[in-house]
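Here is the structure we will look at.
No value in this document is a laboratory result; all are computed from the given coordinates. Being a predicted model, the structure only gives us computed values, none of them experimental. Here Cβ is always computed from backbone atoms with ideal geometry, including for glycine, and neighbour counts include all displayed protein chains.
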Amino acid sequence: MTSRAIVQTAPRTLELRELPLPEIGPDDALLQVEACGVCGSDYEQYEGALPVRFPVIPGHEPVGRIAEIGDEAARRWRVQKGDRVCVETLIPCGFCPNCVRGAYTLCFGHRRMNAYGYLSVDLPPGLWGGYADYLYLDPHALVHKIDDSIPPEIATFFNPLGAGFRWAVEMPGLSVGDTIVILGPGQRGLASVIAAREAGAGCIIVTGLAADERKLELARELGAHHAVNIEKDDITNLVREATDGRMADVVIDVTSYSVEAVKQAINLARRGGKAVLAGTKGPKPVPDFLSDQVVFKELTIIGALGVDYPNYERAVRLIESRKYPFERLHTHTLPLTDAERAIRLLARQEPGEEAIHIALVP
């Protein structure tokens, strides 16, 4: 038997291939993919801006059913054949110093980016990405069982929502009553609104551009107190007024490529506040960066990359609760063969169409 897979062979080059299904032993499993979320970093990978070794199957937000599983894997993951699970992006080694101290998002035991969507198909058994009919579940993979009644395309929101919980709440220590500014109203920006609301933030401010009006409106519906078009309104004055001049306790940047957002995060944070940098910028430096602002404010700057098990669990449980209208954030469900269009949609390269959350289904 074989699996269809979308394989990236070079920057901006995708092709459909058939890859053999692996034999499953006692410690691993095979997932039949039902849906895979499309992430903003998938576009960066498509453009060739990420250090991956081609050929590679993109996709690191997969949800599916266990098609085959070994006895030891079933015991370890507490799942069985037929269960629907969400699969974490990272495949940690479990033994390097970072893994041992609980920081497996910084695992370096494999000496490479060991994660779904980033491993070459030349590395056996090849099925390392979610843009496929099947996904190989490595013995070190981490999975989360999710309610069968949740549509798989909605379940893929577990990944950005997990990021919201870790990046906007846990890492900066967002507390009840705090003011948080979220730069960027995309998937992870809106997920951060939900996470901040769940944490009891006193004031949630989201920024975007004129083209983001639909997303800014959704941010208001999800609980943002202010959703600001920075091309029209002065965000610095708004934050100053909303906080009686104190400025924000936490600012999180989840914009892509915008280096100006880094300076904005530092400007909007209060003295002793925290700025979380989670939006990747590629190889672009931040011009006119003044480090004295960080010094004089005694500002804490936090880099945020991955998501860990507890925050994925929070995300899955919140999706299962149906407390929030995640279907309002999900804008497109596309077939696997439309992978390139899905990536372009998310990057706003399809005229006349606006996307927030997209899932590919085999």
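Taking a cut-off of 14 Å between Cα atoms, list the aspartates and glutamates near Lys274, but don't count ones fewer than 8 places away on the same chain. Result set, ordered by chain and number: Glu170, Asp178, Asp249, Asp253, Glu298.
The relative contact order of segment 172-249, computed from alpha carbon pairs under 8 Å that lie at least 6 residues apart in sequence, is 31 percent. Beyond 31 Å between alpha-carbons counts as too far, so tell me which of Lys145/Lys281; Lys215/Lys284; Lys263/Lys323; Lys232/Lys284 fall in that bin. Exceeds cut-off: Lys145/Lys281; Lys263/Lys323. Note on Arg240/Lys284: beta-carbon distance plugged into 1/(1 + (r/R0)^6) with R0 of 35 Å gives a FRET efficiency of 0.80. Please label the shape of the chain as rounded, prolate or oblate, based on the square roots a ≥ b ≥ c of the eigenvalues of the alpha-carbon gyration tensor (a/c under 1.5 means rounded; beyond that, a/b larger than b/c means prolate, else oblate). Taking the square roots of the gyration eigenvalues as a ≥ b ≥ c, the chain is prolate. Between Arg112 and Thr300, the simple label model (points 7 Å from Cα in the Cβ direction) yields a spacing of 3.6 nm.
DSSP bridge analysis restricted to the chain gives an antiparallel fraction near 55%, rounded to the nearest 5.
Mean projected area of the Cα convex hull of segment 256-362, taken over all directions, amounts to 9.9 nm². Taking label points 7 Å from Cα along the Cα-to-Cβ direction, Ala103 and Arg317 give a separation of 2.6 nm. Say R0 is 51 Å: what FRET efficiency, to the nearest 0.05, do Arg271 and Asp71 get from their beta-carbon distance? With R0 = 51 Å, the Cβ-Cβ based efficiency is 0.35. Counting only DSSP H runs of at least 4 residues, each contributing -39500 (n - 2.57), and dividing by the residue count of the chain, the helix-based mean residue ellipticity at 222 nm comes to -7500 deg cm²/dmol. Under 18 Å from the 7 Å Cα→Cβ point of Arg78, by amide nitrogen: which residues of segment 148-163? Counting only backbone N, you get 148. Largest GNM mean-square fluctuation among Ala261, Ala210, Ala168, using the chain with Cα springs under 10 Å: Ala210. Computed from the Cβ-Cβ distance with R0 of 35 Å, the FRET efficiency linking Asp122 to Glu221 stands at 0.15.
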